[in-house]
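Notes to accompany the following structure.
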DNA sequence: ATGCTTATTGCAACGTGTTGCGATAGACTT
DNA sequence: AAGTCTATCGCAACACGTTGCAATAAGCAT
């Protein structure tokens, strides 16, 4: 049985977008999109490289990273930097969201658009900046850790 | 003429803090603190390494980075990650502040504690998190670029 | 099907930062 | 002043990403 890509619609959109720009559809790109979709939460660049190499051992990091850049250009993927500076990628299909890292317990929490709205408003109010939620990556202490510190 | 360190007070504080922890004061550490103080705005790790090597060509990256980590542990320095993930260091003497990067014009703007207060409040209100201002590094569009886009 | 154009790939080298380990050299004791 | 203990240093190797270049192969035209 032929391996059916789990992302028919996505793949088609991608193929169309590439054609329009005179760019090409390749097996590697299919694999990378599949892997990204499969690790739908968040994956670092290195993790994605490794997973892609399980499907196609001939793939190299440069190709994977270049494809990820391309997917971002096309608006299909996003990346942000964790508190340690490493890259984390996710598909744009996931709703736009920010990230919160607790330096106490190490927990990571997502911040959806609704929860972020007052924050973004405060940023615009204080600075005139309209901040990108997808690039919002905060570090601090979560409620539980703050309570612990007081105890 | 002996080279006089420009940071008497800082150096003394540092020496005392190290002694208390059973750690040592070395020429390299003096140089690194001096360099950090001299490039008082913000400098990437690589820039700092290069400047330190001008004063002491025998210094190696590992030493510089390890010292920077130590200075952070002691609360004397801070680093955050720019939008490209590179590290940027500054002395803690500078008042705590966040950073805003405009993806339109590339401008970088500082965010002082007063301006940030309503933002931090909004974050706590929305999430329970108490965010670290020093690690706050936002990307978005500045007021000018937003106006341009509308034009 | 064959050939042409050029986007994509793999490779190799680089840039930034981190880590393990043996050698060096601070700081303290005698 | 000499010796001891161990923090720090330099080195070499590694991890994550990026970039230039020559070889490959995708997509189109014939």
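Taking only the stretch B:45-73 into account, find how many residues are near DNA strand D (Cβ under 9 Å from one of its atoms), touching a residue at least 24 places away in the same chain (Cβ under 8 Å) and either under 14 Å from residue B:34 (Cβ atoms) or loosely packed, with under 14 Cβ neighbours inside 10 Å (or both).
The number of residues fulfilling the criteria is 4.
Just give me the residues in the stretch B:17-42 being under 27 Å from residue B:98 (Cα atoms) and either without any contact (Cβ under 8 Å) to a residue 12 or more places away in the chain or not in a helix (DSSP H, G or I) (or both), in sequence order.
Scanning the stretch B:17-42 gives B:39, B:40, B:41, B:42.
One line per residue, one yes/no per condition, for (1) surrounded by 14 or more Cβ atoms within 10 Å (Cβ to Cβ); (2) at the interface with chain B (Cβ under 7 Å from one of its Cβ atoms); (3) modelled with pLDDT under 90:
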{"position": "A:105", "(1), (2), (3)": "no, no, yes"}
{"position": "A:111", "(1), (2), (3)": "yes, yes, yes"}
{"position": "A:118", "(1), (2), (3)": "yes, yes, no"}
{"position": "A:123", "(1), (2), (3)": "yes, yes, no"}
{"position": "A:134", "(1), (2), (3)": "yes, no, yes"}
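Quickly run through the stretch A:74-103 and pick out the residues that are without any contact (Cβ under 8 Å) to a residue 40 or more places away in the chain, more than 10 Å from chain B (Cβ to nearest Cβ) and either under 19 Å from residue A:50 (Cα atoms) or not in a strand (DSSP E or B) (or both).
Residues satisfying the conditions are A:75, A:92, A:95, A:96.
Within the stretch B:21-44, can you find the residues that are closer than 22 Å to residue B:111 by Cβ and either within 12 Å of DNA strand C (Cβ to nearest atom) or touching a helix residue (DSSP H, G or I) at 6+ places or on another chain (Cβ under 6 Å) (or both)?
If the condition is that a residue be closer than 22 Å to residue B:111 by Cβ and either within 12 Å of DNA strand C (Cβ to nearest atom) or touching a helix residue (DSSP H, G or I) at 6+ places or on another chain (Cβ under 6 Å) (or both), then B:42, B:43, B:44 are the ones that fit.
The values are calculated or read from the model by the stated rules, or taken from the named source; none is laboratory data. What you are looking at is a predicted structure, and each value in this text was computed from that prediction instead of being measured. Neighbour counts run over all protein chains shown; Cβ positions are idealised from the backbone, glycine included.
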